[in-house]
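Participant: Sharing a structure below in structure tokens format, with a few things to ask.
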Amino acid sequence: MKSADFTNSKGSVVKNAWSRWTHQHCNDSTTLMKGSLDVLHSGLPSNPPTPPTKTSEALRLDLHAVNKELDMMKQRWEEEKCHLLGERAVLQDAVNWMNMEIWSAKDKAKRATEVSRQSRADTQEVERAKVVIADLEAELQAERTRLRQM
């Protein structure tokens with residue numbers, strides 16, 4: 001089957017109108033010249049012209065076969081489109097879910113960083129408080145010692 005041919009609903013190969021017309025009318029120039037010479041010599045045409053009704057009928061059948069093929073192609077395209085749109089929706093849902101997971105993970109990391117920072121700040125504050133308490137205890141001890149000496 002050539003690319004210019006189509007398969008009708010019964011599975012038989014149907015040549016398209018252009019292919020048939022070019023095959024019937026556009027043989028190479030030498031064949032045309034030989035045919036012209038034969039016509040001149042014999043006085044009769046080698047191939048009688050095709051009656052217009054048969055050509056019209058053949059073209060109508062070809063057009064019908066092409067339209068049927070186009071309808072089938074359109075139906076397959078619609079099915080594929082529907083399938084791809086469904087896949088797209090599933091993938092979009094997955095993307096949205098992943099984005100929410102990423103946002104949640106970033107939020108948790110931010111909170112953990114804040115807690116860690118706050119914990120370090122609290123630890124530093126406790127250390128400063130210990131130093132102040134130690135200084136105050138030392139001053140108190142010194143004051144008690146001075147008061148005992150009085």
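Participant: So if R0 is 41 Å, what FRET efficiency would V66 and A94 give, r being the distance between their Cβ atoms, rounded to the nearest 0.05?
Facilitator: Numbers: r = 41 Å, r/R0 = 1.01.
Given R0 = 41 Å and the Cβ-Cβ separation, E is 0.50.
Participant: Within the set of other residues whose C-beta is less than 13 Å from the C-beta of A142, count the net charge using Lys and Arg as +1 and Asp and Glu as -1. It would help to have the intermediate numbers written out before the result.
Facilitator: On the way: positive: R144, R146, R148; negative: D135, E137, E139, E143.
Once all neighbours under 13 Å are counted, the net charge is -1.
The numbers here are math on the coordinates, done by the rules we state, and not lab data. Keep in mind the model is a prediction, meaning the values are calculated, not measured. For neighbour counting, all protein chains shown are included, and Cβ atoms are generated from backbone atoms with ideal geometry for every residue, glycine included.
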